[in-house]
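Structure first, then comments.
The values are calculated or read from the model by the stated rules, or taken from the named source; none is laboratory data. This one's a predicted model, so the numbers in the text were calculated from it and none came from an experiment. Cβ: placed from backbone, ideal geometry, glycine included. Neighbour counts: every protein chain shown.
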Amino acid sequence: MKPDKRLGVFEKMINTSLDLFGSTDQHGYIQYVNNAFKVILGYESREMLGRHFYDFIHPDDVQASSKATQKLLKSKAKITLSNRYIHKDGRVVHIEWAGAWSEDVDLICFVGRDVTEQKVGQQKLYEKEERHRVLVEHGSDMLALFDENVVFTYSSGSTERILGYTHGQLIGVSALELIHPDDLDFVQQKLEQVLATEGHTTMSDFRFKHASGEWRRLETTISNQLHNSAVRALVTSSRDVTERFANEQRLLESEQRFKAMFEENPDTVLIEDKDGFVLDANHAAEAHIGLPKSEIIHRHITNFIPPDAVEVCMHHLKEAFSGKIVKFVLKADFDGYGYKVLDITKIPVNVNGKVIAVHSILKNITDITNYQDTLKEHARKLTNIFESITDAFCTIDRNWTYTYVNSEFERQTKLKKENFIGRSFFDIYPEGTDTVFYDKYRHAMETGNTIHFDAYSDQLGLWLNVKAYPSEDGLSIYFSDITEKVKAQKELQKLSLVANNTTNGVIITDSSRRIEWVNESFTKLTGYTLEEAIGKRPSDLLHRELIDTQSFDLVKEDMLRGKPVSFDIQNVKKNGELTWLSVQINPVFNESNELSKFITIQTDISDKKKAEQELEKLSLVASKVNSSVLILDKELKIEWVNDGFSRLTGYCFEEAIGKVPFELLHSKDADVKPYKVLREKMITGLPAEVEILYRKKTGEDIWVSVQVNPIYDESGNLLRFVNLQTDITDKVKARKELEKLSLVASKTDNGVIITDAEGLTEWVNEGFTKITGYTLPEIMGKKPGALLQGQETEESTVKMMSERIQQGLHTNATLINYRKSGEKFWVSMDITPIFGEDGKVTQFIAIQQDATMMKEAEANLVKLTQDLYKQNSDLLQFTYIVSHNLRSPVANALGLTGLLSRVPKDSPLFDKALDNLNQSVVQLDGVLRDVSMILSIRDSKGTLEKELIDVKTVIQQALSSLEEPLKSCGGTVIDSISEGLNVRANKAYIYSIFYNLLSNAIKYRSDQRPLEVQIRSFGNFEKGILISVSDNGSGFDLKQANDNVFKLYKRFHADKKGKGIGLYLVKTHLEAMGGHVEVASQVNKGTRFLIYLPKA
């Protein structure tokens, strides 16, 4: 073939090729392109010839393409290149090139291929793999691959989050080594099934070892993919179900406990619906009604109660379905059972705020009621005996006749008992009906309500504190002289009248600096009310750890020596806000020239201090920073500006001098209100801070934060202002964006908090304010936890939340927070991080939900269960003891009465039987007295009258009652209790406690040595006091006594007479007052009792 012909064939092949062929000169201008350019890039050859090849390349690939071309021209070697071209229709086309320099024709020759579909496919594959990777690494389930020996070949990233193992830590480890031994057989059986069938199965609830060593419960789905050539592994997906398992166990245990309490309750328990139909009944109900459960349930309650009791029972059932716990006593004649007295409690069962049923507990108290009727007279007398009679005391019957007065009453009235006993109130006080005393006494007697009041007695010339307790017999009246106290209060009122008319805070303290009174201005300055301040030292309220108290410490000694002092100090308000106060403290001396009080005057100087501090800051700023600083004269005209002002506004020093900033920088689009606020404060000489829209010299609007501080001379005259301006345009724009988000968040009742990456609050919604009491200005710029968390907030939960937040992880938890009012509440928190384009956390959004009602419902259910259990146990023990102790005297009395009917009255046997009968009745009376006393203690819980008692005085009263037996046995009592040791308690109970302990020491003394009793106090503690009563008596075997020491009718000395009730009273009295007792004893060495009494 001829050369020209071959060349034509070659050119034809190139023009029909699907690949791109072309050439450029050494400057990049196109000399030749084949027809494939039309197909691939859309351009005719005439459109490309003579143009630079850069004109068709994607702009981002021009630089790389240029470098490759220069390299080719320099080295003359073949190159390959991949870049993007722009199709005529605008599409991006990926082309791979091969090019070389031809010396023969001085051209760059190149061949290209369209690889767009390949590139797009690669990108889609990458995106698919990336999505899969994210799902695997960050999903809630753990994914893993195992070989046929159950050895890890792969574990997902979520494994580290859930089980603590890092990505490669499990590779090559057998999973069977990490499974709990007790669960291993179960897991292996499941594995054998999967391996045998090549299918899949689910293994629920087996234990797997966490990296920390604890066992976590997992639920795993396993699929056999060993036969799959692309996988060749056992594929598992696991989920941590530890918390779910624990919750299921707690629910099961709770159900079992409730079922046991229900079925085994010795009292009759019925569950009723709102119509009165029985839904369930326990074993005791079957025995009480006399029918099996199958014949009780689904029947109306009226089938089991007398007709005359139906109305009251249905009324109380309706009341219980309103959500109240209802207690009442039903007395009625039951067919086949006779007269019964039932103590009935109806407890509503509340589910999700709705009462779905009522538990009715029926206690048969017929016998106890009969005992109570017999013992009413005994109970009344015993109550009067145990009442404390240390104040002036008297009793008046319902005919207004005095029946008793004590010695203190004689001392106060300066009259003898004989002038009162048996005489009428009206005979002694003819004008008494016109006094407040008669009105109060008559009201108490008519209504049966206890009264407590202060009044002035003209007859005695004294102010009296009076308490009157009504009973069936009349009134028991106590009173004490409070004349000096009233005088002091009146003096204080005079002083307070003056103090309340000043804007300064006024504090009156005693000589130990404890607050007795504060005025309203003190409350305004500090936030603390009179009730919150009384009894505390000012420093306890207003000083915190971070407060510098040096100024107070310098004058404290002079103050305590009775010198007037003054100082400035920074204090902390109740809401945590810092405030500067100027303090003047003046001593007050009594008639004996002894320091008795301090009067403190507080003046708020926060604005002054703030101005001083701001001035110092601004001076530093003006000289060293680039911010905008202006100095204005008192006419508000500019005297000086720094370079920062010129950069901010565009106005130079010469253009600004003599101008008012508002006139120079005012924008027509700006709100004039901030300007007016700023001007008003400056005219009055006050510091000010506002945000203003300014217009620069160029006409551009900017947002500026303006801080203005006045400068005064030494005489307090206003000289000029220092004005600091900061560009906050970006901040305002961001805030407006945040306001859009707040519009959405404000519509929810849940609390919403938005913080920055450091956890400082940027915004809260109205729901947050409703839940916590804190407004946006109060929490802005602060960490929510600093305001909301408190003493009972669980540290471990806070630590967990903090760690997850620092890691940028989603967090949810339930914990205790505190409202602004100090009220504790439960909150459910859900915190989500917000990431910026760089992948870093920029903000957090927290959703709060008040969970208090849910938590309280849980706590109430637990407490109700505990109370029912304890009440039933106590009642069983009490019933057993009483019936046991009554059995013997009753049996004796019955036998002797039968004998007396058969024996002649003049026979010796009749007299002996009558004497024995009398002893049995006395024994029966003693048991009934014990029952009365125990019931009165039980019924007093929660309503016990308490007062402030001097412990040493009560001990001396008990010793006085035991003086004769103590003297006859030659014993001594060493009372080391200090004067002034006080406790708020029931005086009768305290007296009974020490009387029983001391009388026991005397009764059970050792025959080998003289009795010695020591009474000591271990201090006056913040929450209570601890008192030790020890003796060197005969002691007892504590191990043998076991837990019977404080039980009713338990005795440990067979050779000594006693009833076994003294220590029982000690324990029950203390528990009724919130205290407790402990004992230690050794045979023939002695016994020690430790008594704990709470302060309040």
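Figures for the structure shown
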| quantity | calculated |
| --- | --- |
| Top-ranked residue in the range 59-78 [being in contact (Cβ under 8 Å) with a residue 12 or more places away in the chain and surrounded by fewer than 15 Cβ atoms within 10 Å (Cβ to Cβ); ranked as nearest to Leu18 (Cα to Cα)] | Lys78 |
| Flag if Thr369 is farther than 26 Å from Tyr456 by Cβ and either modelled with pLDDT under 85 or touching a Leu at 6+ places or on another chain (Cβ under 7 Å) (or both) | yes |
| Considering residues of the range 446-475 that are in a strand (DSSP E or B) and of a type in the set (Val, Ile, Thr) only, the residue farthest from Asp391 (Cα to Cα) | Ile451 |
| First in the range 642-655 and on the phi > 0 side of the Ramachandran plot, second anywhere and surrounded by fewer than 20 Cβ atoms within 10 Å (Cβ to Cβ), Cβ under 8 Å, 6 or more apart | Gly650/Lys696; Gly650/Lys697; Gly650/Thr698 |
| Helices (runs of 4 or more DSSP H) (entirely within the range 511-560) containing at least 2 residues that are within 26 Å of the chain's Cα centre (by Cα) | 530-533, 538-542 |
| Elements of type helices (runs of 4 or more DSSP H) in the range 742-848, at least 1 residues being of a type in the set (D, E, K, R) | 766-772, 776-779, 795-806 |
| Residue list for the range 321-341, filter: over 41 Å from the mean Cα position of the chain (by Cα) and either assigned to a strand (DSSP E or B) or of a type in the set (Lys, Arg) (or both) | Leu330, Lys331, Ala332, Asp333, Phe334, Gly338, Tyr339, Lys340, Val341 |
| Pair list, Cβ < 7 Å and 6+ apart or interchain, from the range 520-544 residues that are among the basic types (Lys, Arg) to residues that are at pLDDT 90 or above and assigned to a loop (DSSP other than H, G, I, E, B) | Lys536/Arg514; Arg537/Arg514 |
| Residue, surrounded by the most Cβ atoms within 10 Å (Cβ to Cβ), within the range 834-850, restricted to residues that are more than 15 Å from Trp763 (Cα to Cα) and touching a residue at least 12 places away in the same chain (Cβ under 8 Å) | Asp850 |
| Any hit, the range 334-344, residues being surrounded by 14 or more Cβ atoms within 10 Å (Cβ to Cβ), over 19 Å from Pro266 (Cβ atoms) and at pLDDT 90 or above | no |
| Meets criteria (of a type in the set (D, E, K, R) and within 30 Å of Ile993 (Cα to Cα)) for Glu431 | no |
| Residue list for the range 967-982, filter: out of contact with any Asp or Glu (no Cβ under 9 Å at 6 or more places or on another chain) and in contact (Cβ under 8 Å) with a residue 40 or more places away in the chain | Cys969, Gly970, Asp975, Ser976, Ile977 |
| Hey, Ala233 free of Cβ contacts under 8 Å to residues at least 40 places away in the same chain and either in the same structural domain as Glu160 (by TED's automatic domain parsing) or out of contact with any Cys (no Cβ under 7 Å at 6 or more places or on another chain) (or both) or not | no |
| The one condition in (1) more than 18 Å from Glu795 (Cβ to Cβ); (2) free of Cβ contacts under 8 Å to residues at least 40 places away in the same chain; (3) of a type in the set (S, T, N, Q) that Thr811 fails to fulfil | (1) |
| Qualifying helices (runs of 4 or more DSSP H) (wholly inside the range 923-1020; at least 2 residues being more than 24 Å from Tyr469 (Cβ to Cβ), under 44 Å from the mean Cα position of the chain (by Cα) and at pLDDT 85 or above) | 951-961, 987-1003 |
| Filter result for Asn586 (in contact with a Pro (Cβ under 7 Å, 6 or more places away or on another chain), within 20 Å of Arg514 (Cα to Cα) and without any contact (Cβ under 8 Å) to a residue 60 or more places away in the chain) | yes |
| Positions within the range 94-118 being in a strand (DSSP E or B) and closer than 11 Å to Thr24 by Cα, in sequence order | Gly99, Ala100, Trp101, Ser102, Leu107, Ile108, Cys109, Phe110 |
| Test: residue in the range 169-191 that is among the small types (Gly, Ala, Ser), more than 23 Å from Leu226 (Cβ to Cβ) and free of Cβ contacts under 8 Å to residues at least 24 places away in the same chain | no |
| Single match in Ser212, Ser223 (criterion: of a type in the set (Gly, Ala, Ser) and either closer than 17 Å to Phe146 by Cα or in a strand (DSSP E or B) (or both)) | Ser223 |
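Table: residues versus (1) at pLDDT 80 or above; (2) assigned to a helix (DSSP H, G or I); (3) surrounded by 16 or more Cβ atoms within 10 Å (Cβ to Cβ).
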| residue | (1), (2), (3) |
| --- | --- |
| Gly8 | no, yes, no |
| Lys12 | no, yes, no |
| His27 | yes, no, no |
| Ile30 | yes, no, yes |
| Val39 | yes, yes, no |
| Tyr43 | yes, no, yes |
| Arg46 | yes, yes, no |
